[in-house]
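Notes follow the structure.
We did not get these values from a lab; they are worked out from the coordinates using the rules stated. Since the structure is predicted, the reported quantities are computational estimates derived from the model, not experimental observations. No Cβ is skipped: glycine too gets one built from the backbone with ideal geometry, and neighbour counts run over all protein chains shown.
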Ligand code: AMP
């Protein structure tokens, strides 16, 4: 597994544990020589991830859209910044560039991206591992919802089981690597 795409808040949020998890994941990716792909922003948890990965000597690839670049909402120190015309192309490129995906705490942008990758996986468009980093129980309500959907026959058991969950960034990467090895 050479690259991981990280979805996470463009805001910092109020729980310092979220900032710390973004920092720890950035450092962990860099230490393992894994490329960090993300949305290219210079704000919030996204910025913390990029800063910490870069500071630890890692490669960070941003994928943004022209509109956000025009508004200067991008990180100037990245290893590479791809700029595409639309949000759909942006998501497609992020998905193509990565061997696996992790969502950290975030809002609707983060969830949209995570749900797209698990939906594409369930339909067989890719077989890359997808994980939720459940920092300080942030994703417990969502995990309960997913369990309810599975219990009530609205989500396949295989799709539910495919979502890797951990509260620890290093363990998350270990689990994604193990899941990639098991993939068909
Ligand atoms: P949110 O969780 O709503 O803050 O949205 C964060 C997600 O949406 C990130 O994973 C990004 O890919 C994308 N996103 C939101 N804001 C920006 C931004 N200013 N620049 C690039 N991507 C962004």
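Results, tabulated for the structure shown:
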{"item": "Alpha-carbon centroids, the stretch 100-117 and the stretch 1-39: separation in whole Å", "result": "12"}
{"item": "Highest average packing first - 104-115, 30-41, Cβ atoms within 10 Å", "result": "30-41, 104-115"}
{"item": "For the stretch 80-124, fraction of C-alpha pairs farther apart than 15 Å, in %", "result": "47"}
{"item": "Distance between modelled label sites at residue 157 and residue 2, nm, 7 Å Cα→Cβ extension", "result": "3.7"}
{"item": "Sum of -39500 (n - 2.57) over DSSP H runs of 4+, divided by residues of the chain (222 nm, nearest 500)", "result": "-15000 deg cm²/dmol"}
{"item": "Kirkwood-based shape ratio for the chain, expressed as Rg/Rh from alpha carbons", "result": "0.95"}
{"item": "Cα pair distances in the stretch 1-66, grouped into 10 Å bins until the bin that holds the longest one, percent each", "result": "25, 57, 17, 0"}
{"item": "Cα gyration tensor, the stretch 75-166 - rounded (a/c under 1.5), prolate or oblate", "result": "prolate"}
{"item": "Mean Cβ neighbour count within 10 Å, used as a protection proxy, ranking 2-13, 153-164, 88-99 highest first", "result": "2-13, 88-99, 153-164"}
{"item": "Inter-part distance where the stretch 51-84 and the stretch 148-170 are each reduced to a Cα centre, Å", "result": "31"}
